[in-house]
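Engineer: Pasting a structure below so you can have a look.
The values are calculated or read from the model by the stated rules, or taken from the named source; none is laboratory data. Note that the coordinates shown come from a computational prediction; the quantities given were computed from them, not determined experimentally. Positions of Cβ are backbone-derived with ideal geometry, glycine not excepted, and every protein chain shown enters the neighbour counts.
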Amino acid sequence: MNTHLSREDLLGIGMTSQRRRDQLIEKLRSAGVCDDEVLQVIRNMPRHLFVDEAMSNRAYENCALPIGYGQTISQPLIVARMTQALLGSDPARRPKKLLEVGTGSGYQAAILSLLVDEVYSVERIYELYTRTRGLCRRLQFSNIHLKHADGGWGWPEHAPFDAIIVTAAPEEVPQELLSQLKPGGRMVIPVGRMDNVQRLMLIERTQSGYEAEELEAVSFVPFLSGRVNQ
């Protein structure tokens, strides 16, 4: 990855070294992640740059970490599983244009940017939006397009999308997001209240409607409406 950051920044040392990343990949593989392309992108992605410096020594643990404003960077296993489900097993059907709702630290968007042509990502918290925009510029992710907006509205100007990924849990799937999915496209979204069981759903738009499949139980921050300005 060509970046404005130094080689040392990207590679990390000690608890952020390549050895720690390789150990994480083995854990993901053991947990059932089988898409080698997804695993390779996660192996090479400097996750320690997407968390607060004080938390960088935990960047390659298989756990969610706080990123401020009541938000988290998702557990690597969940990132891998959601990405794998979104891409599917047929290379001919791999999405090219994708919408992410909930940019957060930008880690999921960065992973996806190396697997699809264009990533459109919406973040409602202005401070997270500006912080991630700066990091994406430093990492030269030119195919990540960011917007500060209410994620429930998606990004209609660039719809329809081949795929949509949602990184916060609404109680019900937003109809506006479903309408921005192409026929044949996939959406991966956690659904349910934070104080109850949340389910990770894979939804595919067909010619006549939608088909939904429950993937697993998960725990995500709640999907909130409106923009937050700092």
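Engineer: For segment 68-84, name all the residues that are surrounded by fewer than 22 Cβ atoms within 10 Å (Cβ to Cβ), of a type outside the set (S, T, N, Q) and touching a residue at least 60 places away in the same chain (Cβ under 8 Å).
Structural biologist: Matches in segment 68-84: 68, 69, 70, 78.
Engineer: Within segment 190-211, does at least one residue satisfy the condition of being β-branched (Val, Ile, Thr) and closer than 23 Å to residue 114 by Cβ?
Structural biologist: Looking for residues that are β-branched (Val, Ile, Thr) and closer than 23 Å to residue 114 by Cβ, one finds none in segment 190-211, hence no.
Engineer: Additional query: Check segment 213-225 and report whether any residue there is assigned to a loop (DSSP other than H, G, I, E, B) and in contact with a helix residue (DSSP H, G or I) (Cβ under 6 Å, 6 or more places away or on another chain).
Structural biologist: Yes: segment 213-225 contains one or more residues that are assigned to a loop (DSSP other than H, G, I, E, B) and in contact with a helix residue (DSSP H, G or I) (Cβ under 6 Å, 6 or more places away or on another chain).
Engineer: What number of residues within segment 145-164 are in a loop (DSSP other than H, G, I, E, B), of a type in the set (Gly, Ala, Ser) and under 15 Å from residue 123 (Cβ atoms)?
Structural biologist: Selection size over segment 145-164: 2.
Engineer: Being over 19 Å from the mean Cα position of the chain (by Cα) and at pLDDT below 90 is the filter here, so list the residues in segment 209-227 that pass it.
Structural biologist: Answer for segment 209-227, where residues must be over 19 Å from the mean Cα position of the chain (by Cα) and at pLDDT below 90: 226, 227.
Engineer: Out of all the residues in segment 195-208, which are surrounded by 15 or more Cβ atoms within 10 Å (Cβ to Cβ) and either under 16 Å from the mean Cα position of the chain (by Cα) or under 21 Å from residue 77 (Cα atoms) (or both)?
Structural biologist: 198, 199, 200, 201, 202, 203 - these are the residues of segment 195-208 that are surrounded by 15 or more Cβ atoms within 10 Å (Cβ to Cβ) and either under 16 Å from the mean Cα position of the chain (by Cα) or under 21 Å from residue 77 (Cα atoms) (or both).
Engineer: Let me ask something else. Please go through segment 54-81 and give me each residue that is among the aliphatic types (A, V, I, L, M), closer than 21 Å to residue 124 by Cα and outside any loop (DSSP other than H, G, I, E, B), ordered by number.
Structural biologist: 65, 67, 73, 79
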